[in-house]
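Step one of this worksheet: look at the structure below.
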Amino acid sequence: MKRDRNILMSLISLILVVGVVYAATDEKAHAEAGVKTMEANRAGYVEPKMSHEQYGAMKIVVPITTDDKAIQGMKLRNLENSLDSAAKWGGQMQNTVVIYSKGVTLLKNPEPETQKKIDALKARGVQFVVCDNSLREQGINFHQLYHVTDRDIVPSGFAEVAYLQTKKNYVVDPIN
């Protein structure tokens with residue numbers, strides 16, 4: 001019985017060694033195959049074929065309430081992508097970004113790349129509004145925020161989202 005166990009352990013070890021050797025020698029081939037697959041996927045990309053009417057006019061509200069820079073950046077990219085898609089697929093978008101709670105950090109000393117995105121979005125008609133309650137609670141003067149004027153201040157960010165929704169604006173909040 002001990003002999004059978006030793007034979008079994010030897011076989012298992014041999015199988016593991018063969019697997020490791022195979023994986024090591026074939027790693028370059030696997031990597032090349034992966035690159036070829038990615039290139040084939042890019043080359044085979046198909047433009048969307050919409051099965052509904054063109055987008056038309058849309059009014060969108062995007063709340064930003066987090067201080068997470070990755071989520072803030074994702075929402076700015078979503079806005080850029082939506083404007084591009086709407087233009088390509090027969091639509092016009094009226095976007096309002098409502099910033100409240102910890103979201104005000106988006107406009108407090110933003111990185112140069114974030115500044116460029118905000119400026120580009122504003123140039124495309126995206127409106128950024130900021131909650132007065134959040135500014136007061138956090139002791140922030142709106143003059144300290146990137147390109148914010150008194151016209152960009154709303155009494156309550158939360159209430160502004162609800163108000164805009166009653167005016168047939170659609171709230172799009174993929175993650176907060």
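With the condition kept exactly as written, say whether any residue in segment 152-159 is in contact with an Asp or Glu (Cβ under 6 Å, 6 or more places away or on another chain), exposed (fewer than 13 other Cβ atoms within 10 Å of the Cβ) and assigned to a loop (DSSP other than H, G, I, E, B). Yes, some residue in segment 152-159 is in contact with an Asp or Glu (Cβ under 6 Å, 6 or more places away or on another chain), exposed (fewer than 13 other Cβ atoms within 10 Å of the Cβ) and assigned to a loop (DSSP other than H, G, I, E, B).
Taking (1) aliphatic (A, V, I, L, M); (2) under 20 Å from the mean Cα position of the chain (by Cα); (3) farther than 15 Å from V161 by Cβ in turn, L135 satisfies each apart from (2). Set side by side, the residues D67, D84 differ, and just one is touching a Ser or Thr at 6+ places or on another chain (Cβ under 7 Å) and not hydrophobic (A, V, I, L, M, F, W, C), which is D67.
Look at G103 and say whether it is touching a Ser or Thr at 6+ places or on another chain (Cβ under 8 Å) and over 30 Å from M50 (Cβ atoms). When the stated conditions are applied, G103 passes them. Once segment 76-102 is narrowed to residues that are within 16 Å of G56 (Cα to Cα) and hydroxyl-bearing (S, T, Y), the residue that is nearest to the chain's Cα centre (by Cα) is S82.
Per the listing V126, V172, the residue uniquely under 23 Å from M74 (Cα atoms), surrounded by fewer than 19 Cβ atoms within 10 Å (Cβ to Cβ) and of a type outside the set (D, E, K, R) is V172.
Among the residues of segment 156-176, those identified as out of contact with any strand residue (DSSP E or B) (no Cβ under 8 Å at 6 or more places or on another chain) and modelled with pLDDT of 95 or more are A159, A162, Y163, T166.
The values are calculated or read from the model by the stated rules, or taken from the named source; none is laboratory data. Because the structure is predicted, anything quoted here is derived from the model rather than measured. Cβ sites come from the backbone with ideal geometry, for glycine too, and all protein chains shown count toward neighbours.
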